[in-house]
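Would you mind keeping the following structure in view while I ask a few things?
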Amino acid sequence: MIEPLPAPVSSPRSGRFLVLAVVFICAACGLVYELELVALASYLIGDSVTQASVVLSVMVFAMGVGSLLAKRLRCRAAVGFGLIEAALALVGGCSAVVLYATFAWFGGSRYALVAFSLAIGMLIGAEIPLLMTLIQRVSRRAAGDASGTVADLFAADYVGALVGGLAFPFLLLPQLGQLTSALLTGCVNAVAGGSLVLLLFGRELSPRARWLLLGANALALAVLALTTAMVGDFEQAARRAVYGSQVRVAVQSHVQEIVLTGRAGGPLDLFLDGRLRVDGRDEARYHAALVGPALDGGPHGRVLVLGGGDGLAAREVLRHPGVRSVTLVDVDPELIRLARSDPGLAALNGHAYRDPRLRPVAGDPFAWLRGEGRTSDPYDVVVCDLPDPGMTASTKLYSQEFYGLASRVLAPGGRLVVHAGPVTGSPRTFWTVASTVRAAGLTTFAYRAAGRTAALTEGPGRALGPAPSPGDWGFVLAARPDQGVPMATRAARPRVLAGARAPVAARSGVRLPIGAQALAPPPGAAGYAPSTLVHPRYGE
């Protein structure tokens, strides 16, 4: 039976305004759910481009399915819309908590991600047909002609999506975090949907439908409120499941989640967005191999460190005699603050931030090279201590354009060294980095250093913790063609890694620490195309 026209519980004009206001709120909430899924999937699974494509494509498909299924509810549009909003508030609001729980306790979130994308997309898709039915009924009372209501509805929908899209990264995420943002968005969603139906269409509902609607919204709000109250304890338990019981610091900056683990006086591990960035048991080997050959190869009075906000690469640089100034550029000011103030991390980096020769800069390395870096005095050594190139978020920092900018700040005889990821685990990625550096007009020398441990990974970049399996780090040392590589390193005194017994001299003259070795390109590596901003090659 088709619902009769609603009784005029308010003026037609105010009723129409209320419907459009709810359309605005629902659109904003829907986009927050969507962005929350994309952000959390990128953090938990990695490869943001793939995860965004999966979420968006599945949700758009599901919205179409939801719109078709909503045709069956148009005869009961008011109560159908109210129940759908209650379900959307519950599913969307709890999606972040459930995704994080599957990641922490079951080791993966891919299936849960697809399931939530489908469910949320279907519920969002069912909103529009029902809202269109409701606003047309209200508009007929106001003007007798509903021909302009479609334009009004879509205008409110698009503006609401704009507000939700801007609120998530600039307000909700930095102020509340991913879990609380989703839960509070669900509460707003439930209140808006239930209020619209009860205020405008409550008189026409049967007692059974009215109690059903009240019960559904009360249940959704109760679950969301209870989960919000317990979200702090849940986060602590989930972090212990992911990182172990020795979590020292957990901070959500506007860039990433920063987690420090380890006992006082013991080795520290640094995780950035769930990925092991520093293993305190062998970080000295990594940083010595990264910094030593470049600085021992010639003049090193002025040094630029790109990335490395933890201060560990700066520690190695400052240990070299003859270093007059070090500029460190890292995108996350919170990581710089933590490396300066946390007793454990500050002790690990040798209190590098207290050294007057170190000048930290909070900013994107790419943008800094285009701006302030271009106008500063040239540097003898540029050290790129950046995340692995296979991670989508860091792809631009491993592009031909980035290395072109870095080469411009090199002084005559200057050297550039790049951390290029593991050689054994990702040989194509490593040699693509080398090819990209050469495409920027530099000559290269590739080498690797053996690590004591390697991170066990599941999916792109997800670190589950250190494991006693062998690993390595790959590096590319570069200079301008007229300077040659390695620029007087034959006479350089080699740096010896912790636990090393003797230096190893490469055939090219580069003096490498023990445990490190020069690398020759494998067959076919010379044909690897360089990675650029418009055509990233990592992950091919």
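Every number in this text was worked out from the coordinates using simple rules, so none of it is lab data. Values in this document were obtained by computation on a predicted structure and should not be read as measured data. Methodologically, a virtual Cβ is constructed for each residue, glycine included, from the backbone with ideal geometry; neighbour enumeration extends over all protein chains shown.
Counting alpha carbon pairs within less than 8 Å and at least 6 residues apart, what relative contact order, in whole percent, applies to segment 343-410?
34
How much FRET efficiency would the formula 1/(1 + (r/R0)^6) give for Asp482 and Ser53, where r is the Cβ-Cβ distance and R0 is 45 Å, rounded to 0.05?
After rounding to 0.05, the efficiency reads 0.55.
Which label marks the calculated value of log10 I(q)/I(0) by the Debye sum over Cα atoms at q = 0.05 Å⁻¹, given the options (1) -0.20; (2) -0.24; (3) -0.27?
Label of the calculated value: (3).
If you don't mind, there's one more thing I want to ask. At Glu372 and Gln136, where each label point lies 7 Å from the Cα along Cα→Cβ, what is the point-to-point distance in nanometres?
In this crude label model, Glu372 to Gln136 measures out at 5.9 nm.
Moving to a separate point now. First select every other residue whose beta carbon is under 13 angstrom from the beta carbon of Gly414; then total the charges, Lys and Arg +1, Asp and Glu -1.
+1
Mean separation of Cα pairs under 8 Å and 6+ residues apart, divided by the residue count of segment 21-135: what relative contact order is that in percent?
About 41 percent, as a whole number.
Just want the answer: with Cβ charges of +1 for Lys and Arg and -1 for Asp and Glu, which residue in Leu214, Gly244, Val79 is farthest toward the dipole's positive end in the chain?
So the residue furthest toward the plus end is Gly244.
Give the separation of the Cα centroids, segment 33-112 to segment 173-216, in Å.
17
In whole Hz, with x marking every Gly and Pro, tabulate ³J(HN,Hα) for segment 253-258 from phi via Karplus 6.51 cos²θ - 1.76 cosθ + 1.60, θ = phi - 60°.
Coupling constants for segment 253-258: 8, 6, 9, 6, 8, 10 Hz.
Against the longest alpha carbon principal axis of the chain, how many degrees, from 0 to 90 and to the nearest 10, is the axis of helix 283-296 turned?
Computed tilt is about 50 degrees.
Tell me, what ³J(HN,Hα) does each residue in segment 521-526 have, in order and in whole Hz, if you take phi through Karplus 6.51 cos²θ - 1.76 cosθ + 1.60 with θ = phi - 60° and put x for Gly and Pro?
Couplings: x, x, x, x, 5, 5 Hz.
Estimate the FRET efficiency between Val159 and Asp364 by the formula 1/(1 + (r/R0)^6), using the beta-carbon distance for r and 45 Å for R0, to the nearest 0.05.
For Val159 and Asp364, the calculated efficiency is 0.90.
I want the local charge near Leu131. Using Cβ-Cβ distances under 13 Å, sum +1 for each Lys or Arg and -1 for each Asp or Glu among the other residues.
The answer is -1.
Under 8 Å for C-alpha pairs, at least 6 residues apart: give me the relative contact order for the chain, rounded to a whole percent.
RCO, the chain: 13 percent.
Next question, about the same structure. For Ala241 and Lys71, compute 0.36 nm times the residue count separating them, minus their Cα-Cα distance, and round to one decimal in nm.
56.8 nm is the gain from fully extending Ala241 to Lys71.
Under a point spin-label approximation (7 Å from Cα along Cα-to-Cβ), what is the Phe17-Arg357 distance to one decimal in nm?
A separation of 6.8 nm, rounded to one decimal place.
Grab the other residues whose beta carbon is less than 14 angstrom from that of Leu214, score K and R as +1, D and E as -1, and report the net.
After counting each charged neighbour, the total is +1.
Considering only DSSP beta bridges whose two residues both sit in the chain, what percent are antiparallel, to the nearest 5?
If I count the DSSP bridges inside the chain, around 65 percent turn out antiparallel.
Which ³J(HN,Hα) values in Hz, rounded to whole numbers, follow from the phi angles of segment 15-30 under the Karplus curve 6.51 cos²θ - 1.76 cosθ + 1.60, where θ = phi - 60° and Gly and Pro get x?
x, 5, 5, 5, 4, 5, 5, 5, 4, 4, 5, 5, 5, 4, 5, x
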